[in-house]
Amino acid sequence: MSMSEEELRKLKPDKVVDARGTSCPGPLLAAKRAISEVPVGGILEVLSSDPGTKRDLPIWAKKVGHEFLGVIEEPGYWRIFVRRKK
Amino acid sequence: MNFNKNIGEGNLAEKMCITVMSGSIDRLIGMAVLTSAAVSMDMEVEIFLQLWGVYAFKKDVIKQNMNLSEFNELGEKVASRLKELKIPPWYEMLREAKETGRVKIYACSAAASIWNVKKEDLEFVDEIIGAGEWIEKMSDAKINLFI
């Protein structure tokens with residue numbers, strides 16, 4: 001179950017990776033690279049302007065064992081939140 | 001006879017194998033995108049280059065190649081869109097994937113003979129191998145593709 005937008009906006013991410021302007025699968029690869037720089041239990045926020053990313057990241061998180069927290073839609077891009085679990 | 005014995009035993013590897021016959025950059029872009037995505041999903045990727053694939057990985061060809069497999073009249077339009085969208089060339093995408101995850105690239109020994117090339121003449125190539133070894137590598141992969 002993902003968090004509400006209000007809850008998401010209160011999160012303090014440990015790392016924000018700005019992948020806006022890169023096309024799929026650029027933001028996904030950026031997330032994979034960045035998650036190792038977040039402490040276990042910490043939060044990664046990915047900014048992406050590619051509409052595929054908000055669907056890819058929940059699938060990625062499930063596959064590799066992290067927790068997808070939710071998405072906030074902003075004008076022209078998405079903010080996607082993932083908690084590192086291992 | 002049980003053709004799916006590996007699936008039955010549940011021992012397929014988290015691995016994607018791509019057989020690359022084509023040397024056309026549109027297809028190579030597709031290959032690089034899927035390689036990058038598979039690496040992101042923590043999958044191992046193995047790539048086997050055949051005839052035109054080996055040619056396209058030659059160090060003196062890789063950056064010069066502008067060959068498309070279809071819709072050639074749209075080549076310039078596609079090239080300018082790729083540039084506008086800041087999509088890197090396929091070989092840069094592949095380089096980044098190889099630096100980030102487990103990606104092995106093999107060249108077919110027969111194709112290497114046809115082009116008279118050694119491993120050192122080819123970008124990214126880890127080994128020159130035979131088709132039998134490649135069949136063995138493909139046989140335990142969850143995903144197998146041919147381009």
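Just so you know, all these numbers are worked out from the coordinates, no wet-lab data involved. Just so it is clear, the structure is predicted and the values come from calculations on it, not from any experiment. Methodologically, a virtual Cβ is constructed for each residue, glycine included, from the backbone with ideal geometry; neighbour enumeration extends over all protein chains shown.
Working only within the stretch A:17-50, note down all residues that are touching a strand residue (DSSP E or B) at 6+ places or on another chain (Cβ under 6 Å) and among the acidic types (Asp, Glu).
Selection gives A:Asp18, A:Glu37, A:Glu45.
How many residues does the stretch A:36-47 hold that are surrounded by 12 or more Cβ atoms within 10 Å (Cβ to Cβ) and more than 9 Å from the chain's Cα centre (by Cα)?
So the count comes out to 3.
Answer yes or no: is there a residue in the stretch B:14-28 that is more than 16 Å from the chain's Cα centre (by Cα) and hydroxyl-bearing (Ser, Thr, Tyr).
no
So which residues in the stretch A:61-86 are of a type outside the set (D, E, K, R) and in contact with a His (Cβ under 8 Å, 6 or more places away or on another chain), if there are any at all?
Answer for the stretch A:61-86, where residues must be of a type outside the set (D, E, K, R) and in contact with a His (Cβ under 8 Å, 6 or more places away or on another chain): just A:Val82.
Being within 8 Å of chain B (Cβ to nearest Cβ) and among the charged types (D, E, K, R) is the filter here; which residues of the stretch A:18-40 pass it?
A:Lys32, A:Arg33
Looking only at helices (runs of 4 or more DSSP H) that lie completely in the stretch B:29-105, which have at least 1 residues being more than 12 Å from chain A (Cβ to nearest Cβ) and buried (at least 17 other Cβ atoms within 10 Å of the Cβ)?
B:51-56, B:90-100
For B:Trp134, work out the one condition from (1) under 15 Å from B:Val54 (Cβ atoms); (2) not in a helix (DSSP H, G or I); (3) not basic (Lys, Arg) it doesn't fulfil.
(2)
Condition first: away from chain B (no Cβ under 14 Å) and surrounded by 20 or more Cβ atoms within 10 Å (Cβ to Cβ). Now tell me which residues in the stretch A:55-73 satisfy that.
Listed by number, the residues that qualify are A:Leu69, A:Val71.
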